[in-house]
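Each reported figure results from applying straightforward, stated rules to the coordinates on display, with no laboratory input. This structure is a prediction, so every number in the text was calculated from the model and none was measured. Every residue, glycine among them, receives a Cβ derived from its backbone with ideal geometry; neighbour counts consider all protein chains shown.
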Amino acid sequence: MESLCDELKLEILRYTKTPILLIILNRNWYSTSQDPNARAEWLMYKYGRAHALFHAVRLGKSFITDNVAQSLIARGAIISRYFIQRLVMQFGIQDPKLDEMKVRYNSNVDNITPDCSWAASLPLSVFIKFMTEALHQLNGDISIKENDMELFQSLTAINLPINQASQIFFKNLSEIKDFILNHKFIPFPPRPKILPIAEQYHYPSWDGYENNKHIHLLSRAVLIYPDIVKCWKQIGYHEVCRDLNDIVIKGMFMMLFPMTPPANWVRPTPEFLAEKLKELIDIGFELNDDVIKSSIKIFKPKFDVMGETMIDSFVIIRGEHATEIAISALNEIAETKEY
């Protein structure tokens with residue numbers, strides 16, 4: 001391993017899911033891991049252009065340096081206006097004395113950001129580099145006092161029932177497309193399931209990940225206008241289907257089987273559900289085993305209304321293997337009840 005040439009080491013490091021296992025192997029690998037280009041390549045390969053900068057900031061000052069930041073920019077990591085807005089919102093460490101006073105007098109305690117928050121430890125020089133590059137790439141329009149997530153929420157009318165929201169959405173469609181294509185609006189990645197649930201609804205979350213409310217907002221936008229995915233992919237956000245996969249497919253079933261059906265509601269047929277699923281699959285979403293299982297578990301209380309139709313639609317898409325997955329999920333539900 002020690003005799004490997006530097007270029008080969010860089011390639012191996014790039015494809016390594018957890019580089020720390022190599023780094024502790026010997027000092028040569030540690031030296032390779034310090035190379036700014038190696039770090040940038042690893043981030044770009046693992047997280048893609050859309051989320052590379054988010055994770056670089058998340059990994060903190062021990063990881064991101066001026067050279068790493070420059071290498072990421074040179075490789076096409078996307079600097080969105082929303083990224084800059086969130087960076088300004090969460091950059092730096094708050095005054096501990098002020099935080100103490102807020103806690104003591106119960107004033108604005110929700111605004112206290114932990115010292116370990118997403119951008120708290122970002123070096124000032126890297127912050128300036130990102131700001132300078134954003135001003136250049138976005139032609140000076142970074143709107144640091146605004147919030148592009150809130151603007152997207154307004155354009156897509158999230159607070160209205162989905163039928164009413166659709167009308168406003170299509171009325172604003174050209175503005176929504178411009179917002180994504182020219183201002184590079186890309187949400188932050190959803191929180192991994194292994195991380196604390198408490199942060200799922202706080203905004204901005206201390207760890208930077210997008211909260212559940214906004215992930216639902218994005219999934220609604222996809223369900224109203226699936227081709228919005230093409231806009232995100234056009235600017236380099238190729239991970240959008242992976243990020244929203246589960247919630248979009250489950251959201252489709254929620255939309256077609258509403259909790260309180262209107263008077264004119266018609267039960268969808270398996271063929272109609274399969275057609276809707278195929279539309280999502282054609283743009284990059286996946287009806288994988290985990291989605292089938294979790295969908296059945298979530299909608300178990302409504303299984304008398306939609307269970308057979310749902311499973312039949314899965315079979316149309318995935319064949320008889322879907323039946324096996326469904327039976328497995330139902331058995332797990334039964335075992336949980338017995339326990």
*Pull out the extension gain between ASN212 and ILE317, defined as 0.36 nm times the separation in residues minus the alpha carbon to alpha carbon distance; nm, one decimal.*
35.0 nm
*asked:* List residues of region 28-56, by number, whose backbone nitrogen lies under 15 Å from a label position 7 Å along Cα→C-beta of LEU8.
replied: 29
*Please list, or write none, the lysines whose alpha carbon is within less than 24 Å of the alpha carbon of LYS302, excluding same-chain residues fewer than 8 places away.*
LYS213, LYS250, LYS276, LYS278, LYS293, LYS337
*the chain: calculated mean residue ellipticity at 222 nm from DSSP helix runs of at least 4, using -39500 (n - 2.57)*: -19000 deg cm²/dmol
*asked:* Between helix 240-256 and the chain, what is the angle of the helix's C-alpha long axis to the longest principal axis, kept within 0 to 90° and rounded to the nearest 10?
replied: 20 degrees
*Estimate the FRET efficiency between LYS230 and ASN28 by the formula 1/(1 + (r/R0)^6), using the beta-carbon distance for r and 45 Å for R0, to the nearest 0.05.*
0.50
*Expressed as a rounded percentage, what relative contact order does region 284-339 have, with Cα pairs under 8 Å and six or more residues apart?*
42 percent
_Distance from region 148-197 to region 13-86 (C-alpha centre basis), Å_ = 28 Å
*asked:* Could you tell me how far the Cα centroid of region 279-309 sits from the Cα centroid of region 203-268, in Å?
replied: 14 Å
*asked:* List the chymotrypsin sites (Phe, Trp or Tyr not before Pro) within region 277-334 that DSSP assigns to loop and that have no more than 13 neighbouring Cβ atoms inside 10 Å.
replied: none
*asked:* Suppose R0 equals 35 Å. What FRET efficiency, 1/(1 + (r/R0)^6) with r the Cβ-Cβ distance, do MET89 and ASN163 give to the nearest 0.05?
replied: 0.55
*Classify region 243-339 as rounded, prolate or oblate from the Cα gyration tensor: take a ≥ b ≥ c as the square roots of its eigenvalues, call it rounded if a/c is under 1.5, otherwise prolate when a/b beats b/c and oblate if not.*
oblate
*Return the loop-located GluC sites (Glu not before Pro) in region 132-165 (DSSP other than H, G, I, E, B) with at most 15 other Cβ atoms within 10 Å of their own Cβ; answer none if there are none.*
GLU146
_Here are labelled values, (i) 1.13; (ii) 1.18; (iii) 1.03, and one is the computed Cα Rg over 2.2 N^0.38 Å for what I pasted. Which one?_
(i)
*When the chain is modelled as a GNM with alpha-carbon springs shorter than 10 Å, which of LEU218, LEU135, LEU244 fluctuates the most?*
LEU135
*Protection proxy ranking of 117-129, 157-169 - average other beta-carbon atoms within 10 Å, highest first*: 117-129, 157-169
*Which value results for Rg/Rh of region 178-294 when Rg is the Cα radius of gyration and Rh the Kirkwood radius based on the inverse mean 1/r?*
0.99
